[in-house]
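As structure tokens, the structure follows; a few thoughts come after it.
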Amino acid sequence: RIVAAERDVAGAAALLVEAALAGLGAHAGHLYRILEAEVRGCGEFAAAAGALRHLLYLYRYDRVLEWQGGEAMQPLIAETWRRGTYLLEGLAGIQTPDPAVIEGVQALLDAILRCGDELGIPREEFADVLRRVASSRANGSAVRGACVGALWALGKADPARVLADLRLLGAPEHLGDFLTGLFALARQQAQREPALLGALDGLLLGFSEEEFLAALPALRLSFTWFTPREKHHIALQ
């Protein structure tokens, strides 16, 4: 009743996970129907993406949890993904790195990579949305970086495109936020691209002392996505 009254789509999905962990999946039909209705009316990107993360967890560990709802969940996961993608394109005005938004883009990407073919989720359609969001000046640098990173991880952006976006958003007030989104979604790809580190090094060397100090807090945040071993490897490069 609380979930229905508060229209909490992520909360409803989280309760489904709890029901599965408690072995009550067979009694969660009512909650499942509430979630279906709430997904269709959800107007907040982070909430829709949060629900998607929970549903992907259930789908992935269906056999372990004895949830027995794998195939039955496919339409709901696909619908939640479409709703999240629609809301991502309507996202604008968030200028600071919002972890919930970055994690939301990651959830959309995970759905594509983990079960996109099974669910009939079109990769090219997703790539088109990512390109539009990444190119929009109405969006903050972190959101744009996350979308560029998702394109890179999806195989829909080459290093030349990533380098061009890095230089476009390479000003001290934008660089760290852009890298926060980029590294969150394409951590492995970034480590394997020496040209990216070289271009980043060149940008930093071009900053004045004042510009570097202004950019430093966001830059430090961006590198928290890497493990200590990965940061050591980057430093050696």
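Treating each Cα of the chain as an identical point scatterer and summing with the Debye formula, the log10 of I(q)/I(0) at q = 0.09, 0.12, 0.18 Å⁻¹ comes to -0.42, -0.70, -1.24.
Taking 30 Å as R0, compute the FRET efficiency from the Cβ-Cβ separation of D128 and H232 and round it to 0.05. Plugging the Cβ-Cβ distance into 1/(1 + (r/R0)^6) gives 0.20. The three principal axes of the C-alpha atoms in the stretch 180-237 carry coordinate ranges of 31, 20, 19 Å, sorted with the longest axis first. Here the contact order of the chain, divided by its residue count and restricted to Cα pairs under 8 Å and six or more residues apart, works out to 15 percent. Put simply, the stretch 128-219 fits an ellipsoid with semi-axes of 21, 15, 10 Å; these come from the alpha carbon gyration tensor as the roots of five times its eigenvalues, largest first. A cut-off under 12 angstrom between Cβ atoms defines the neighbours of Q237, and their net charge, with Lys, Arg +1 and Asp, Glu -1, is -1. Remark: the chain carries 50 Å² of accessible area per residue (probe radius 1.4 Å; ligands, DNA and RNA excluded). Summing charges over all other residues whose Cβ lies under 12 Å from the Cβ of R123, with Lys and Arg as +1 and Asp and Glu as -1, gives -3.
The values are calculated or read from the model by the stated rules, or taken from the named source; none is laboratory data. Here the structure is a predicted model, which means the values were calculated and not measured. Because the Cβ atoms are built from the backbone with ideal geometry, glycine has one as well, and the counts that use them run over all protein chains shown. Remember, those area values only see protein heavy atoms, side chains included, never the ligands or the DNA or RNA. Shrake-Rupley method; radii C 1.70, N 1.55, O 1.52, S 1.80 Å.
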